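Written below as structure tokens is the structure these notes are about.
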Amino acid sequence: MLKFIRHRPVGLESRRNRQGYTFLIHWIIGLVLFVLVPIFSSIGYAFSDVSLETGGISTKFTGLKYFKEILLEDPTYLNNVLSSLQQLVYTLPIILIISLQRINIHTHG
């Protein structure tokens, strides 16, 4: 015999929870589509030989081949990385100081 379950009326807390999940699902979908999928695709491409063909993108797994090539065989790679880090160390504080001063002027001036 089937039992009939009485549904109690939806309370305010239940309605708020449902509204919260409705707002949250959009954020989760955006995170997956625009952050997680590109990150994992990039990681996959980093370990593959990627070529464009008429049917789309073709990938062939190569492992650490390109990483070994960059780190061990390319003589300019480490110099380029150090140069980029030096530029970051010099420019980032200047950008932050100017930005914070502009914020201070707009909020208090």
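Observations, loosely collected:
- Members of region 61-89 that are surrounded by 10 or more Cβ atoms within 10 Å (Cβ to Cβ) and either touching a Pro at 6+ places or on another chain (Cβ under 9 Å) or of a type in the set (Phe, Trp, Tyr) (or both): Tyr66, Phe67, Tyr77
- Test: residue in region 51-60 that is surrounded by 10 or more Cβ atoms within 10 Å (Cβ to Cβ) and under 23 Å from the mean Cα position of the chain (by Cα): yes
Rule-based calculations on the coordinates, nothing more; no lab input. Just so it is clear, the structure is predicted and the values come from calculations on it, not from any experiment. Here the Cβ is made from the backbone with ideal geometry for all residues, glycine too, and neighbour counts use every protein chain on show.
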